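**Q** One structure coming up, written as structure tokens, with questions to follow.
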Amino acid sequence: SAIPSLKREMRNLSEECSLEPVTVSMAYVYFEKLVLQGKLNKQNRKLCAGACVLLAAKISSDLRKHEVKHLIDKLEERFRFNRRDLIGFEFTVLVALELALYLPENQVLPHYRRLTQQS
């Protein structure tokens, strides 16, 4: 399925942009919530993955403006979508997640452990 491969891309991109494992873990949780809600389809799954990484980076890191721009450039390049589509879709994902970007530790920790053991 495309989901594990998208999560691998999310992790690789996050490493290239020097995002913390906890940020990647949060992006995974957001992404999985969208999958469980049935929000993903072939047309939007890359946008969903990109928006999840972007939201996680914004909420868990103190990124400067140029770092956010660099992340958006990387997302656009890696997932081959238009930045305007990504920015618009970010809000769609935010609504689908019911604005709940702060996650309980028990949702993030399993992903975090797996990521830190892999590297």
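The values are calculated or read from the model by the stated rules, or taken from the named source; none is laboratory data. Values in this document were obtained by computation on a predicted structure and should not be read as measured data. Here the Cβ positions follow ideal geometry from the backbone for every residue, glycine too, while neighbour counts run over all protein chains shown. All accessible areas refer to the heavy atoms of the entire protein, side chains included, with ligands and DNA or RNA removed. Shrake-Rupley method; radii C 1.70, N 1.55, O 1.52, S 1.80 Å.
**Q** Provide the per-residue ³J(HN,Hα) series for the range 101-111, in order, calculated from phi with Karplus coefficients 6.51, -1.76, 1.60 and θ = phi - 60°, each as a whole number of Hz, with x at glycine and proline positions.
**A** So the Karplus estimates, Gly and Pro as x, are 8, 7, 10, x, 3, 5, 8, 8, 4, x, 5 Hz.
**Q** Under a cut-off of 25 Å between alpha-carbon atoms, report the lysines in cross-link reach of residue 39, not counting same-chain residues fewer than 8 places apart.
**A** Of all the lysines, those that pass the test against residue 39 - Cα under 25 Å, at least 8 places apart if same chain - are 7, 58, 74.
**Q** Can you work out the FRET efficiency for the pair residue 37 and residue 70, with r the C-beta to C-beta distance and R0 = 30 Å, to the nearest 0.05?
**A** 0.50
**Q** Oh, and also: How large, in percent, is the carbon and sulfur part of the accessible surface of the range 4-100 at a probe radius of 1.4 Å?
**A** On the way: 2700 of 5280 Å².
Of all accessible area on the range 4-100, carbon and sulfur atoms account for 51 percent.
**Q** Nothing charged except the Cβ atoms of Lys and Arg (+1) and of Asp and Glu (-1): what's the magnitude of the dipole of the chain about its Cα centre? Round to the nearest 20 debye.
**A** Numbers: 19 positive and 14 negative charges, 70 e Å.
For the chain, the charge dipole is close to 340 debye.
**Q** Accessible area per residue of the chain at 1.4 Å probe, in Å²?
**A** Accessible area per residue, the chain: 59 Å².
**Q** Here's another thing I want to ask about it. Out of the trypsin sites (Lys or Arg not before Pro) in the range 1-57, which ones are loop residues according to DSSP with at most 12 other C-beta atoms within 10 Å? Could you put the intermediate results ahead of the total?
**A** Values: sites: 7, 8, 11, 33, 39, 42, 45, 46; in loops: 39, 42.
The qualifying sites are 42.
**Q** Quick check of the Kirkwood formula: for the chain, what is the inverse mean of 1/r over all pairs of different Cα atoms, in Å?
**A** Computed over the chain, the radius equals 14.1 Å.
**Q** If you don't mind, there's one more thing I want to ask. Work out the FRET efficiency for residue 113 and residue 15 from their Cβ-Cβ distance, taking R0 = 22 Å, and round it to the nearest 0.05.
**A** After rounding, the FRET efficiency stands at 0.85.
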